[in-house]
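*Asks:* Structure provided below as structure tokens; questions to follow.
Every read-out reported here was derived from the displayed coordinates using simple, explicitly stated rules and does not represent laboratory data. From a predicted model like this one, the values you see are computed outputs, not experimental measurements. Because the Cβ atoms are built from the backbone with ideal geometry, glycine has one as well, and the counts that use them run over all protein chains shown.
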């Protein structure tokens, strides 16, 4: 990974891993961790040291300290998915993405906080408590990959895996000031990952930089014989492709931001336009397009998620209904009420909706620049005001700019864009055509080479552990 987040050192990998484990233990839940793998991580580190001593290349991520959302299964180890229902659950197999990171020489430090069964955009968890924002205990951490955003932002790990069904990688990346990539639908194997909505679920990566995200994505990218839904084939050279400078042939579409009722604050609108100017200064061509309408795609995503999640949880809903948190239970039971015809129609419309969206809003452009969130990072208290209906509507607004992208199956990437007026990080989102991860990573990397928005002074911040 890049020297910015994982510097070359004369210390052994075992020594650095031990130090990282101590920092993670000291941080505890404030650092996003729910469980550490002390002995297993040190064993991995010693294996890397042995390979180096023997002159064997230990992989592109050799010695990089990582940790992952607590829904990636590892044989014999706990995987509780932020829930009471799976408390004490030990997996019988290891997720493909974890095996690939192991093979690349990465060190898995442990499991990270997440929303219960990945069902909250804010990081709320009725059993574990709220996720902790890296910058402020009072503000939301983003969800559902809450701990992944926090641990990366605090520098406790160089990167983390998350899952993204409606924004669960991009939202915590944005609110914690880090980089988050959701790839094309079905690009990355979901084998060994707790599902929420298989038609929408994506494995994604969070890292401090686009360069590090490229390294992680490259390590986990390939077909998987045990996951027939995984469509990626062969390796991709993301690490090399991002280095090519931008030119006027690289076209980025930016919304006109007319008043069409889409949730977006003046501050966020100004942030998107500021990033557009920065991309232009990097050499890209900026073109204006009409304001994208994500309302229908978002509504269809909600329907698909509700129906599929209710199906996955049907047995538990019958046998241990009382073990769910109230918010999660309400959303799951609502999914039982969707007519099968509406669900089938939502799936049938996906391909056409994606093609229409790409034609209308990208046109001749290579990427579309959008908000990641509609407004500045809210406090936890602000997200819990009002009755259940008000909270649900607020959740809908919070993920407005990300949820529909999952329904369309497009790759999306959250990139840090400085601070908002409340002192919290603000992010923007790059959306591309199917299989254009290399384009998004290159745009983000070239932007980060010329700006410092991705390098906040988090370690000098009072919240830092």
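*Asks:* Per-residue counts of other Cβ atoms within 10 Å, averaged by peptide: what ranking do you get for 348-359, 328-339, highest first? Could the numbers behind the result be given before it?
*Replies:* Numbers: 348-359: 14.4, 328-339: 16.8.
Answer by packing, highest mean first, reads 328-339, 348-359.
*Asks:* If each DSSP helix of 4+ residues adds -39,500 (n - 2.57) and the sum is divided by the residues in the chain, what number results at 222 nm, nearest 500 deg cm²/dmol? Mind showing how you got there, number by number?
*Replies:* Values: 17 runs with 174 residues, N = 465.
Taking each H run of at least 4 residues, the total per residue is -11000 deg cm²/dmol.
*Asks:* With r defined as the distance between the Cβ atoms of residue 452 and residue 103 and R0 fixed at 51 Å, what FRET efficiency is calculated, to the nearest 0.05? Could the numbers behind the result be given before it?
*Replies:* Details: r = 34 Å, r/R0 = 0.66.
Efficiency computed from Cβ-Cβ geometry: 0.90.
*Asks:* Further question: Sort 78, 161 so the one with the fewest other Cβ atoms within 10 Å of its own Cβ comes first.
*Replies:* Working: 78 17, 161 27.
Ordered from fewest to most neighbouring Cβ atoms within 10 Å, 78, 161 come out as 78, 161.
*Asks:* When you count, for each residue, the other Cβ atoms within 10 Å and take the mean per peptide, how do 269-281, 93-105 rank with the highest first?
*Replies:* 93-105, 269-281
*Asks:* Work out, step by step, the length gained on full extension between residue 47 and residue 359: first 0.36 nm times the residue separation, then minus their alpha carbon distance; give nm to one decimal.
*Replies:* Working: separation 312, 0.36 × 312 = 112.32 nm, distance 4.97 nm.
The residue 47-residue 359 span can extend by a further 107.4 nm.
*Asks:* Counting DSSP beta bridges with both partners in the chain, what percentage is antiparallel, nearest 5? Provide the component values of the computation, followed by the final result.
*Replies:* Working: 29 of 43 bridges.
If I count the DSSP bridges inside the chain, around 65 percent turn out antiparallel.
*Asks:* For residue 397 and residue 349, what is the calculated FRET efficiency with R₀ set at 30 Å and r taken between the beta-carbons, to the nearest 0.05?
*Replies:* Numbers: r = 23 Å, r/R0 = 0.77.
After rounding, the FRET efficiency stands at 0.85.
*Asks:* Apply the a/c threshold of 1.5 to the C-alpha gyration tensor of region 11-162 and tell me whether it is rounded, prolate or oblate.
*Replies:* Values: a/c = 2.27, a/b = 1.58, b/c = 1.43.
It is prolate, given that a/c is not under 1.5 and a/b is the larger ratio.
*Asks:* Moving on. Which shape class, rounded, prolate or oblate, goes with region 125-221 when its Cα gyration tensor gives a ≥ b ≥ c as root eigenvalues, a/c under 1.5 marks rounded, and past that a/b bigger than b/c marks prolate?
*Replies:* Values: a/c = 2.13, a/b = 1.25, b/c = 1.70.
Cα axes put region 125-221 in the oblate bin.
*Asks:* Follow-up question, since we're still on this one. By how many nm would the segment from residue 435 to residue 258 grow when fully extended, if each residue of separation counts as 0.36 nm and the alpha-carbon distance is taken off?
*Replies:* Values: separation 177, 0.36 × 177 = 63.72 nm, distance 2.95 nm.
Here the answer is 60.8 nm.
*Asks:* Let me ask something else. Could you sort the peptides 60-73, 227-240, 416-429, 302-315 by per-residue average Cβ neighbour count (10 Å cutoff), highest mean leading? Don't skip to the end; give the middle numbers.
*Replies:* Working: 60-73: 26.2, 227-240: 14.8, 416-429: 22.3, 302-315: 20.1.
Ranked by mean Cβ neighbours within 10 Å, highest first: 60-73, 416-429, 302-315, 227-240.
*Asks:* Roughly how far apart, in whole Å, are the Cα centres of region 323-337 and region 370-410?
*Replies:* Using only Cα atoms, the two centres lie 18 Å from each other.
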